[in-house]
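Colleague: Questions regarding the structure given below will be posed in turn.
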Amino acid sequence: MNPRTFFSDDRRDSCDGDHSTRHEHPGRGQRRGPGGHGRGFGPGFGFGPGFGPGFGGPFGRGGGRARRGDVRAALLSLLAEKSSNGYGLIKAIAEKTNGSWRPSPGSVYPTLQQLVDEGLITAVGEGRGTEYQLTDAGGTYVREHADELAAAWEATPGASDADRAFMENVGKLMGVVQQFRGASEAQRAAAAAKLDETRRALYLILAD
């Protein structure tokens with residue numbers, strides 16, 4: 001196998017059995033990875049969306065996806081403790097769930113705006129420095145819906161020991177792979193062959 005082909009964002013041998021080679025060329029609406037080679041395994045190694053930051057799926061950004069109502073409940077309960085900006089709220093949710101839930105800005109900020117429109121919170125400032133805090137109406141809502149807000153945290157998916165071990169070992173692999181950016185052609189070829197072998201073995205595990 002040509003290592004230059006393997007260390008690119010060409011996706012081969014998908015899980016559905018399609019063994020055709022598909023070449024992806026980032027265009028409008030398609031992000032490039034940090035190394036300019038597609039959403040991949042780190043700088044210089046675009047392994048395609050399946051190995052991008054967070055990995056998507058059940059392991060995406062630290063665990064399963066929560067419902068929109070859970071995001072709303074989490075934001076209200078956190079703001080009942082103290083005012084915060086959007087980034088602080090995202091960070092607080094991740095810390096409160098030990099990293100098993102980290103909602104995206106795309107779900108947090110629209111929800112915050114909705115809460116502002118409902119009069120439950122108010123926004124102070126502009127841009128990234130905007131601080132959100134409960135209004136009197138928001139405080140009343142939190143007190144009247146305390147059980148509902150608490151249930152949202154209980155429903156948050158947690159990371160199992162297997163999940164943590166999986167992500168830890170993937171992280172180690174990513175670190176090793178990035179070392180091959182400065183490797184020789186022969187070393188890259190040997191690494192490409194070993195990674196291809198490992199990739200096929202992983203697909204066999206999924207097939208069991």
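Colleague: Output yes when any residue across the range 151-169 is at pLDDT 80 or above, assigned to a helix (DSSP H, G or I) and within 30 Å of Arg72 (Cβ to Cβ), and no when none is.
Modeller: Yes; the residues of the range 151-169 include at least one that is at pLDDT 80 or above, assigned to a helix (DSSP H, G or I) and within 30 Å of Arg72 (Cβ to Cβ).
Colleague: Of the residues Leu195, Leu149, Leu134, which single one is touching a strand residue (DSSP E or B) at 6+ places or on another chain (Cβ under 8 Å) and crowded, with 16+ Cβ neighbours inside 10 Å?
Modeller: Leu134
Colleague: Hey, among the residues in the range 95-136 that are of a type in the set (Lys, Arg) and more than 12 Å from Asn85 (Cα to Cα), which one's farthest from the chain's Cα centre (by Cα)?
Modeller: Checked the range 95-136; the qualifying residue farthest from the chain's Cα centre (by Cα) is Lys96.
Colleague: Checking the condition among the hydrophobic types (A, V, I, L, M, F, W, C), touching a residue at least 40 places away in the same chain (Cβ under 8 Å) and touching a helix residue (DSSP H, G or I) at 6+ places or on another chain (Cβ under 7 Å), which residue from Leu112, Leu134, Leu206 passes?
Modeller: After applying the criteria, what remains is Leu134.
Colleague: Out of all the residues in the range 96-108, which are in contact with a Gly (Cβ under 8 Å, 6 or more places away or on another chain) and surrounded by fewer than 15 Cβ atoms within 10 Å (Cβ to Cβ)?
Modeller: If the condition is that a residue be in contact with a Gly (Cβ under 8 Å, 6 or more places away or on another chain) and surrounded by fewer than 15 Cβ atoms within 10 Å (Cβ to Cβ), then Asn98, Pro105 are the ones that fit.
Colleague: Still on this structure, I have one more. Looking at the range 134-145, is at least one residue closer than 18 Å to Ser77 by Cα, of a type outside the set (D, E, K, R), at pLDDT 85 or above and part of a strand (DSSP E or B)?
Modeller: Looking through the range 134-145, at least one residue is closer than 18 Å to Ser77 by Cα, of a type outside the set (D, E, K, R), at pLDDT 85 or above and part of a strand (DSSP E or B).
Colleague: Pick from the range 97-109 the residues that are in contact with a helix residue (DSSP H, G or I) (Cβ under 7 Å, 6 or more places away or on another chain) and in contact (Cβ under 8 Å) with a residue 24 or more places away in the chain: which of them is nearest to Glu154 (Cα to Cα)?
Modeller: Restricting to residues being in contact with a helix residue (DSSP H, G or I) (Cβ under 7 Å, 6 or more places away or on another chain) and in contact (Cβ under 8 Å) with a residue 24 or more places away in the chain, the top hit is Trp101.
The values are calculated or read from the model by the stated rules, or taken from the named source; none is laboratory data. Given the structure is predicted, the values throughout are model-derived calculations rather than measurements. Here Cβ is always computed from backbone atoms with ideal geometry, including for glycine, and neighbour counts include all displayed protein chains.
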